[in-house]
Amino acid sequence: MSSIQPQFDIVGAATTSTTVASALIRNFGKLFNQCFQEGVQPLVIPPLERLGSWLMVDADRLRDGENTFLKMPAPKLWSWHSLSIIVGLSNDPKDSLVRTVIQDQCLIAAFLCLAACTTCFDTQMASSLMHELMRLNGTLKDYSIPGHMVHQFAEAINGCTEFIVGEKPSDVYDKLAKGVNHATSSITPQLGNLYNAGDTAQLAKIIYETFEKMQNQDFQFVWLKGTLQGLWLASFFVWLRPKEVVVQVPGSIIYPFPDQHVEGEGRFRRLIISLENSGTGAIPDSFWHITPWTTTASIPVRISLQDDENTKGWLKREHPSPLKSARCQLSLTRSTRVVTNIGNVAAALVVTAIQNGRLWNQCHTISQPLQDLCSESFLGSYPGILGEFGFTIDLARRGNIVRILDRIITNKAVLSSIATSHTNDIEFLKEVMVASSREYVSEFQEPMLFNSSSAEEEVVFEHAIHLAGEALLFAFCDKLSMSFLYRPLEPFRLSENAKLLRSLFQAEVGYDFWALRKRVIQTLIPGSTAIESGDLAVAGNGYVVYSRALTAWNEGLMTDRRKIASLCIFPGPLKANNVEGKISRFTEDKENTSLLSRFINLHADSVNIYQNGSCRLDESEAINKARTQINHSYRFENAVQTVYMITFIKSDSNRVPTSWRRSIDAIAFAAYVASPDFTTSQLRSLVEIWTTNNYLGDNLRWCTVGMVTRPGIRYIATTSENEQIRFLEAGSLGAELRLFIRTRGTPLLSCIAKAIEACQDEEWAIIA
């Protein structure tokens with residue numbers, strides 16, 4: 001069991017006992033290596049511990065927090081000779097930051113506070129709030145640390161929220177959101193800013209004043225009344241002090257939850273949170289009243305969440321929320337009918353986009369269906385993806401809308417007319433949906449939307465476009481994560497999502513694979529803007545997003561299109577051996593001259609299809625017989641916290657740099673051959689045609705690994721039986737030639753037949 005006494009608060013201990021202080025100094029000395037290993041400054045630990053002690057977190061929550069770290073999985077590791085990349089916190093039971101946190105309830109409490117903050121905030125805002133709490137409770141007088149140290153701690157440990165056992169802070173938030181919706185079944189203008197963002201420093205002041213008064217035994221209870229960012233505030237207090245809080249809206253108690261038995265339920269609760277206007281006006285205001293009650297009198301404290309007294313501040317933008325709360329957030333200021341329509345239309349837009357959309361490679365020369373490139377997880381879940389946003393979809397209606405949308409967007413004349421008259425992406429999609437509405441009525445003799453006015457129709461279409469675009473950003477993800485938040489509609493985001501949807505609806509237009517991949521990473525890691533196509537792993541907000549190609553490298557799956565296109569997310573920092581602390585990115589070095597290092601394949605052998613008088617190809621010729629090695633070189637740039645890597649193919653004659661980015665692009669957009677074998681008569685007939693058309697002989701050659709091709713010749717790469725070389729050579733050959741990937745068990749002659757049929761006089765290469 002972790003200690004309830006501070007283990008590192010040296011200043012606090014020095015005022016009571018020099019013996020205790022000496023012991024804490026020794027403890028603190030052991031921290032340095034543990035902290036530096038995770039990119040955390042040791043000096044931040046004592047003030048975090050002081051903050052955790054002040055929060056007085058519920059004992060059951062502390063046990064859940066301790067179990068979180070006890071059950072945390074080991075970090076992921078990729079090793080290439082002298083280079084090792086590590087993703088995640090070390091969980092060494094003998095010497096690690098995780099071990100230190102496990103043994104200290106005050107640090108566990110600080111982590112639980114961070115988890116409550118990042119329900120809606122990124123780590124930058126969360127750490128700012130925690131730093132402000134340290135200032136308010138006097139911690140910074142003894143430990144004058146800058147805010148960026150708290151941010152470093154948050155970046156390292158925030159992702160551990162994924163491993164919380166039992167109820168998570170996002171679950172508390174979602175239940176409260178549903179409670180508000182259930183209690184206020186009609187639109188309630190006074191609660192219209194429950195999801196609106198307030199000033200972080202003022203939020204910290206409300207939390208500080210509330211906790212201080214709760215801990216003052218002169219007060220019987222504390223009454224907290226207001227609305228601005230109220231749902232998050234309520235979830236913060238409920239998460240940390242579940243047995244001491246009551247949450248109510250006008251006319252109804254929404255916490256404790258009806259289905260939840262809380263130990264000690266009969267005892268008096270110290271904090272009553274009333275989600276209602278602090279004043280008497282009908283328009284929601286930006287103020288919170290904190291009123292501590294005594295037996296004789298109450299003394300209210302009034303705090304504004306904005307810098308001015310402007311009561312219209314509630315019109316400011318909404319903050320992000322846990323994904324499953326999206327429907328509740330929309331429902332607060334919109335009717336059930338409108339929200340139901342939004343969900344049905346958004347679900348139909350997602351299905352239509354996946355089934356019709358195409359993505360382009362980096363050079364915009366080849367496109368592939370989006371559903372061939374999305375992750376296995378998304379492929380199985382996209383029809384019901386709006387369920388992750390809290391929606392219950394009418395499956396029959398969604399299917400009918402999809403059928404009508406398909407009819408509209410596959411009618412080139414209709415779509416061309418709409419595109420000509422509506423150059424704006426949002427207006428184009430709205431007109432597609434208006435045309436679909438007319439078609440829907442004609443076919444099903446009922447409206448596509450439930451009893452909507454023209455004004456409501458506008459709201460439905462815009463929010464459906466936004467939601468569908470947000471859902472499509474999960475397309476490459478191998479799983480959903482707690483890092484996914486619902487991002488409310490904003491004009492710039494609506495425009496981005498409309499552009500994505502329109503491009504997918506117009507198959508001949510399509511969307512850029514790498515642009516979509518960049519948007520996915522930026523969504524998973526808020527605030528990350530410097531994303532490049534060569535990035536293999538990017539860290540931020542307590543998580544690492546990395547290419548699935550990194551794990552496929554050792555799994556023998558380097559030519560699996562879907563896996564190579566996918567992205568994974570894992571909690572914790574990104575680290576490299578021989579680099580102190582964490583790094584921000586693991587990426588390829590600049591490699592524009594890769595092909596210049598290759599020798600021209602002047603003496604490549606012709607592919608001999610005739611063997612002993614019959615049509616047969618010696619498959620063993622496709623095996624790489626050269627003494628080829630794969631090695632990696634890397635360098636670290638401290639200014640940008642980035643490790644740059646180049647992968648080389650080394651043979652007896654030369655050392656050739658390769659490109660993971662080009663290989664991912666080539667594998668994702670290659671043609672895959674899984675044709676059955678031909679009969680002898682069919683083969684003989686085909687070979688005669690190929691010979692007549694001059695496709696064979698000197699025009700079809702073996703391509704030795706590491707060589708560059710010559711114009712006018714078709715090639716079969718000698719890459720058989722080595723997945724890593726197949727992957728790397730695909731990037732080199734795919735940059736110049738139309739690429740075909742041979743799948744397991746497919747005869748090479750079938751590959752040749754497929755390539756000739758598809759390309760005829762065009763040059764191509766087969767990855768054997």
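Data for the structure
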{"quantity": "Segment 90-118, residues that are outside any helix (DSSP H, G or I) and open to solvent by 10 Å² or more (accessible area, probe 1.4 Å)", "calculated": "Ser90, Asn91, Asp92, Pro93, Lys94, Asp95, Gln103, Thr118"}
{"quantity": "Flag if Asn578 is in a loop (DSSP other than H, G, I, E, B), surrounded by fewer than 16 Cβ atoms within 10 Å (Cβ to Cβ) and modelled with pLDDT under 80", "calculated": "no"}
{"quantity": "Members of segment 637-665 that are more than 14 Å from Glu588 (Cβ to Cβ) and part of a strand (DSSP E or B)", "calculated": "Ile649, Lys650, Arg655, Val656"}
{"quantity": "Test: residue in segment 227-241 that is surrounded by fewer than 20 Cβ atoms within 10 Å (Cβ to Cβ) and not charged (D, E, K, R)", "calculated": "no"}
{"quantity": "Residue list for segment 461-496, restricted to those being open to solvent by 40 Å² or more (accessible area, probe 1.4 Å), in a loop (DSSP other than H, G, I, E, B) and over 20 Å from Cys328 (Cβ atoms)", "calculated": "Asp478, Lys479"}
{"quantity": "Matching residues in segment 541-558 - criterion: being at positive phi and either part of a strand (DSSP E or B) or β-branched (Val, Ile, Thr) (or both)", "calculated": "none"}
{"quantity": "Some residue of segment 366-382 being part of a helix (DSSP H, G or I) and β-branched (Val, Ile, Thr)", "calculated": "no"}
{"quantity": "Qualifying positions in segment 55-82 - touching a helix residue (DSSP H, G or I) at 6+ places or on another chain (Cβ under 7 Å), closer than 25 Å to His151 by Cβ and of a type outside the set (Lys, Arg)", "calculated": "Leu55, Val57, Leu62, Gly65, Glu66, Thr68, Phe69, Met72"}
{"quantity": "Hits in segment 315-347 (condition: under 16 Å from Phe474 (Cα atoms) and of a type outside the set (D, E, K, R))", "calculated": "Pro322, Leu323, Ala326, Ala346, Ala347"}
{"quantity": "Subset of segment 610-623 that is at pLDDT below 80 and not charged (D, E, K, R) - its residue that is farthest from Leu83 (Cα to Cα)", "calculated": "Gly613"}
{"quantity": "Failed criterion for Pro526 (all others in (1) open to solvent by 10 Å² or more (accessible area, probe 1.4 Å); (2) at pLDDT 90 or above; (3) out of contact with any Lys or Arg (no Cβ under 6 Å at 6 or more places or on another chain) hold)", "calculated": "(2)"}
{"quantity": "Check on Ala74, modelled with pLDDT of 95 or more and out of contact with any Pro (no Cβ under 8 Å at 6 or more places or on another chain)", "calculated": "no"}
{"quantity": "Filter pass, Arg710 being part of a loop (DSSP other than H, G, I, E, B) and in contact (Cβ under 8 Å) with a residue 60 or more places away in the chain", "calculated": "yes"}
{"quantity": "Answer residue from segment 165-205, given it is of a type in the set (Val, Ile, Thr) and buried (at least 22 other Cβ atoms within 10 Å of the Cβ) and is nearest to Leu136 (Cα to Cα) among those", "calculated": "Val172"}
{"quantity": "Any hit, segment 301-322, residues being of a type in the set (Ser, Thr, Tyr), buried (at least 17 other Cβ atoms within 10 Å of the Cβ), in contact with a Gly (Cβ under 7 Å, 6 or more places away or on another chain) and at pLDDT 90 or above", "calculated": "no"}
{"quantity": "Out of Ile102, Ile85, sole residue that is over 21 Å from Val544 (Cα atoms), under 28 Å from the mean Cα position of the chain (by Cα) and modelled with pLDDT under 95", "calculated": "Ile102"}
{"quantity": "Hits in segment 754-768 (condition: touching a helix residue (DSSP H, G or I) at 6+ places or on another chain (Cβ under 7 Å) and open to solvent by 10 Å² or more (accessible area, probe 1.4 Å))", "calculated": "Ile756"}
{"quantity": "Breaking point among (1) modelled with pLDDT of 65 or more; (2) open to solvent by 30 Å² or more (accessible area, probe 1.4 Å); (3) β-branched (Val, Ile, Thr), for Ile273", "calculated": "(2)"}
{"quantity": "Any hit, segment 691-706, residues being within 18 Å of Lys563 (Cβ to Cβ) and at pLDDT 85 or above", "calculated": "no"}
{"quantity": "Selected residue [among the β-branched types (Val, Ile, Thr) and farther than 26 Å from Gly39 by Cα] from Val509, Val545", "calculated": "Val509"}
{"quantity": "Residue list for segment 412-441, filter: more than 12 Å from Ile401 (Cα to Cα), in a helix (DSSP H, G or I), open to solvent by 40 Å² or more (accessible area, probe 1.4 Å) and modelled with pLDDT under 95", "calculated": "Lys412, Ala413, Val414, Ser416, Ser417, Thr420, Ser421"}
{"quantity": "Members of segment 687-737 found to be among the acidic types (Asp, Glu) and open to solvent by less than 20 Å² (accessible area, probe 1.4 Å), listed by number", "calculated": "Glu729"}
{"quantity": "Flag for Asn356 being of a type in the set (S, T, N, Q), open to solvent by less than 70 Å² (accessible area, probe 1.4 Å) and modelled with pLDDT of 95 or more", "calculated": "yes"}
{"quantity": "Selected residue (only one of Thr593, Thr642, Thr647, Thr628 is under 30 Å from Ala539 (Cα atoms) and at pLDDT below 90)", "calculated": "Thr593"}
{"quantity": "Test result for Ile741, under 43 Å from the mean Cα position of the chain (by Cα), in a helix (DSSP H, G or I) and modelled with pLDDT of 85 or more", "calculated": "no"}
{"quantity": "Hey, Ala74 under 28 Å from the mean Cα position of the chain (by Cα) and buried (at least 22 other Cβ atoms within 10 Å of the Cβ) or not", "calculated": "no"}
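The values are calculated or read from the model by the stated rules, or taken from the named source; none is laboratory data. On a predicted model such as this, the values are computed, not experimentally measured, just so you know. All Cβ positions, glycine included, derive from the backbone under ideal geometry; neighbour counts span all protein chains shown. Protein only, heavy atoms only, side chains kept; ligands, DNA and RNA dropped before computing areas. Shrake-Rupley method; radii C 1.70, N 1.55, O 1.52, S 1.80 Å.
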